[in-house]
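The values are calculated or read from the model by the stated rules, or taken from the named source; none is laboratory data. The shown structure was predicted, so the numbers you read here are calculated from the model rather than taken from an experiment. Here the Cβ is made from the backbone with ideal geometry for all residues, glycine too, and neighbour counts use every protein chain on show. In case anyone asks, the SASA skips ligands and DNA or RNA and just uses the protein heavy atoms, side chains included. Shrake-Rupley method; radii C 1.70, N 1.55, O 1.52, S 1.80 Å.
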Amino acid sequence: MVNWLADLLRRWLRVPAARTERTLRLTGAALAAASFVIITTLLVAFDSVFLGANNIAALRVGDIAPQDIRAPVALPSYVSQVLTEQQRQRVRDSVAEMYYLPDPSVSRRQTELARQILNYITNIRRDPFGTLDDKLNDLAHITDLTLPEETARRILTMDEQTWNDVNEQVTGILERVMQGEIREANLPSIRAQLPTQVSVRFDDTISRVIVAIVEDLVRPNTLLDPDQTERARAEAASQIEVRRSFERGQIVARAGERIDEATFEALDKLGLLEPADRRLFAVFRALLASVLVIVVTGLYVARFAPALLQSLRMLGLLAAIFLLVLLGARLSGIYGQIYLYPTAALALLYVAIVGHQLAMIATFGLAMLVGLMQSNSLELALLTAAGGLMVALTLRRAERLNSFFMPGLLVSLSNIVVITIFYQGGGPLNSDTNLGEMLIYGLLNGVLAATIALAGLYIITLTFNLPTGLKLVELSQPNQPLLQRLLREAPGTYQHSLQVANLAEQAANAIGANADLVRVAALYHDIGKMINAPFFTENQVEGMNPHDVLNDPARSADIIISHVTDGEKMARQYRLPARFRDFIMEHHGTQVLYFYQQAVERAGGDAAIDIEQFTYPGPKPQSRETAILMIADSCEAAVRSRKPVKKQEIADTVQQIIEIKMRTGQLENSRLTLNDIATIRKIITDMLQAVFHPRISYPAPAGDADEDRTRTPTPTPRVEMNRVPVERDRRADVPTPPTLTVETPRPKLQTWEVDSIKAAPLEIEDEDSPLPEVPPLPRTSGEQPQYRANDNGQHPIDDLSEDHPD
């Protein structure tokens, strides 16, 4: 897409393509980074951004809930002030009032009052001049009595003896009743029991008169002690404390329910009623965290993996994986169980795609965001970080399916340790979850991480056609259609590719490059030779060269060069990863073919010869892996063509090939150091000496001895490649048409020099003796190295870059 836009602007607006491409890439990277920060911020501050838009934050006591309101996070047990106060009030009301002891003076006072009232009534009864109405009126003026008129008439009309008995009965009953504890609260019940106190010798009419007089005279003799009562109630209320907790996703208020004080308090505790300033601060905090994550990750990539910055497609894939894992953490925090969510799957995928170092950086960023997302939980941050680091430090061979489950088991163990450390009688995040349940969640977490990572890696491999471990294992199988076709149509090239794959793999292992990628890519680097297989030396019968029949250097050069472009087209046709196309295009760089020298000799000068017709399209190797393949390919072809009989000849040939590559600038963009080149030279020399050592000549059978003695030994001609380095950032390299020459002794190279830097040659002791066995080859630590610091301190990522669109 970038290349297409650059070409369009160049054709229509005359803008240089290089500047346009650089500008578009920078613009695209800036937009992608801004999008990443915005999405991450929205996920982390989801509650403050989206819940406020649903008018939940505007709810007040007495309002109707517009929807089911769920707890966005697990809320630890807290003291509900509303429910506690309500319960305390109920307890205070239930505590009985405290009273003083009964006051005897009240009883004496009421008894004396009763005698005075009875004497007054007696005087009214004995008044000879008063009429009945006058007497009733006098009785009505007794303030301490409220006698019904019927009762008053009965008092005035009863005989003297009966009245005297009533008088004695009233005084006696009142004294007995007032001797007990009478409170204001139980006064009605005591008055209700007065009829039982009346002697049975009185009829109902007289009994009612007695009760009417006594009930008005009964007064409480026990007073309330307010201080003691308040102390008792306060002590009882102080023991009351109502606590509440919510699980993630638990409904706090259902749609249509009225918001009471307790629900309002719960919404506030859950942060759903944040005021605008608090929500704005939460969003700002999430924004700062997102910017910090992308800045740290960007600085690491720029410092240790600069090649990744050139692959917008790969950066987009890594960002998408990160955001998907973060989205899952958000959803599991609301609707699921966070202890069960496999955040370690991010590290597993990153290790399989880009390596261990970037996986650890991404894990730290994810841990910080998850902890911030889950109410600033240190436990969840450590849980995420520990699991991701376990994966990044233990996953070695991502191409093996069973290698994912051991890191998954270690993730489970780390989860169990972290959960146990932070367990506080129910867990800080969920008081309703016991330790055993959380440990089971942590154990299943690791298994789910490995399973999801394998499924995700399979989907990514199929969708993006990346050379992941699974893809490399698939492409390395000999029954692959393209390899089978190469074996049938160009068997010599197939064998040559196998040899180059072995050489390149060992060299890559020795310097810490991606050996698996180099080995599999080497199997396919010459697939373009199938189009014109007989024109390449490894597929020719000795002594028969089709180029001699053509007798046209330009045509021969076009055929040789076309195997690069044809191979690139075949790689697209067979949907090989784009990284493989880099190997195909770069393994010859921009070297100049041997046929250029032939064309110059025939034309009598180079004025009429276009050197571009004899130059590979390139580009030069842009990674350590493609540079290793170039060196291995050239050395294997040269040694095979020269058919050396001494080990020193092999060492000299390898040294000469590497010297030409460096002198013509073919390795200048590969980021190989001089130490790397020296290591590669030694590894390839040792392996080629083991392959091309002289064979033992066994004696012929006795019957054939005389016949053999009559034969004249014929010297075997040697096919030797003659190359002419060109001084303009070009180089000579294989494959080239061989010329038959008689071997002449080659001078022993003592040193080789490039830019005033000298390297000691490989001195071979007893160079005439065959190599008894293949020496052990040095390897770097680790099974699948991804990065290695060069002289500039950079750690390039060259194995999985997807710079070119399909």
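For segment 234-240, what does the Karplus curve 6.51 cos²θ - 1.76 cosθ + 1.60, with θ = phi - 60°, yield as ³J(HN,Hα) per residue in whole Hz, taken in order and with x for Gly and Pro?
3J(HN,Hα) across segment 234-240, in whole Hz: 5, 5, 5, 5, 5, 7, 9.
At a Förster radius of 30 Å, what calculated FRET efficiency corresponds to the Cβ-Cβ distance of Met406 and Glu247, to the nearest 0.05?
With a Förster radius of 30 Å, E is 0.35.
For segment 630-675, give the magnitude of the charge dipole about the Cα centre (Cβ charges: +1 Lys/Arg, -1 Asp/Glu; no others), in debye to the nearest 20.
140
Averaged over every viewing direction, what's the projected area of the C-alpha convex hull for segment 349-424? Give it in nm², one decimal, please.
Its Cα hull, projected and averaged over all orientations, spans 4.9 nm².
List, in order, the whole-Hz ³J(HN,Hα) value for each residue of segment 76-87 obtained from phi through the Karplus relation with A = 6.51, B = -1.76, C = 1.60 and θ = phi - 60°; use x for Gly and Pro.
x, 4, 9, 7, 7, 5, 5, 5, 5, 5, 5, 5
Compute the relative contact order of segment 174-284 as a whole-number percentage, counting only Cα pairs closer than 8 Å that sit 6 or more residues apart in sequence.
Worked out over segment 174-284, it gives 25 percent.
Sort out for me the Cα centre separation of segment 253-311 from segment 553-568, rounded to whole Å.
58
What size of dipole, in debye to the nearest 20, comes out for segment 117-230 about its Cα centre when the only charges are +1 on Lys and Arg C-beta atoms and -1 on Asp and Glu C-beta atoms?
280
Binned at 5 Å from 0, what are the whole-percent values of the Cα-Cα distance distribution for segment 303-407, short to long?
Going out from 0 Å in 5 Å bins, segment 303-407 shows 2, 13, 23, 22, 19, 13, 6, 2 percent.
Specify the inter-centroid distance of segment 492-525 and segment 317-372, based on alpha-carbon positions, in whole Å.
Cα centres, segment 492-525 to segment 317-372: 34 Å.
Rounded to the nearest 0.05, what FRET efficiency do Thr146 and Ala96 have when you use their Cβ-Cβ distance and R0 = 41 Å?
Once the sixth-power term is evaluated, E becomes 0.85.
With a 1.4 Å probe and all protein chains in place, put Arg624, Arg109, Arg219 in order of accessible area, largest first.
The residues order as Arg109, Arg219, Arg624, largest area first.
Only Lys, Arg, Asp and Glu count, each charged at its Cβ (+1, +1, -1, -1), so figure out the dipole size of segment 71-140 about its Cα centre, rounded to 20 debye.
220
Roughly how much of Thr420 is accessible, in Å² to the nearest 10, using a 1.4 Å probe?
70
Taking 28 Å as the cut-off for C-alpha to C-alpha distance, list the pairs among Lys620/Lys682; Lys620/Lys647; Lys620/Lys646; Lys471/Lys682 that go past it.
Among Lys620/Lys682; Lys620/Lys647; Lys620/Lys646; Lys471/Lys682, the Cα-Cα distance tops 28 Å for Lys620/Lys647; Lys620/Lys646; Lys471/Lys682.
Would you work out the Kirkwood radius for segment 229-303? I mean one over the mean of 1/r across all pairs of different Cα atoms, in Å.
Kirkwood radius, segment 229-303: 17.1 Å.
Per the Kirkwood definition applied to all pairs of different Cα atoms, how many angstroms is the hydrodynamic radius of segment 493-555?
13.3
What distance in nm separates the two pseudo spin-label positions at Glu437 and Gln573, each 7 Å out from Cα along the beta-carbon direction?
Here the modelled spin labels are 6.2 nm apart.
Taking segment 597-666 as the region of interest, what is the percent of Cα-Cα pairs per 5 angstrom bin, listed from the shortest bin to the one with the maximum distance?
3, 14, 18, 17, 17, 16, 11, 3, 0
To the nearest 10 square angstrom, what accessible area does Val49 show with a 1.4 Å probe?
Approximately 50 Å² for this residue.
Tell me, what is the 1.4 Å probe accessible area of Asp134, in Å² to the nearest 10?
Near enough 80 Å² of accessible area.
Show the residues, 5+ positions off or on another chain, whose built amide H is closer than 5 Å to the amide H of Arg400.
The list, which skips near neighbours in sequence, is empty: none.
Could you point to the residue in Leu472, Phe536, Pro546 farthest towards the positive end of segment 460-567's charge dipole, with +1 and -1 charges on the Cβ of Lys/Arg and Asp/Glu respectively?
Leu472
Taking every pair of distinct Cα atoms and averaging 1/r, then inverting, what Kirkwood hydrodynamic radius in Å comes out for segment 327-372?
Over segment 327-372, the inverse of the mean reciprocal pair distance is 11.1 Å.
Can you list the HN-Hα couplings for segment 89-100, worked out from phi with the Karplus curve (6.51, -1.76, 1.60; θ = phi - 60°), rounded to whole Hz and with x for Gly and Pro?
Computed from phi, the couplings for segment 89-100 are 5, 5, 5, 4, 5, 7, 6, 5, 6, 9, 10, 6 Hz.
Give me the Å³ per residue figure for the convex hull around the C-alpha atoms of segment 121-165.
Taking only Cα atoms, segment 121-165 has a hull volume of 73 Å³ per residue.
How large, in percent, is the carbon and sulfur part of the accessible surface of segment 80-136 at a probe radius of 1.4 Å?
Summing carbon and sulfur atoms, their accessible area is 52 percent of the total for segment 80-136.
Under the rule of at least 5 residues apart or a separate chain, name every residue whose amide H is placed under 5 Å from the amide H of Phe246.
Close amide H contacts, sequence-distant or interchain: Leu75.
Considering just Cα atoms, how many Å³ per residue does the convex hull of segment 98-228 enclose?
100
At a Förster distance of 60 Å, what's the computed FRET efficiency of Arg109 paired with Arg254, Cβ-Cβ distance as r, to 0.05?
Using R0 = 60 Å, I get an efficiency of 0.45.
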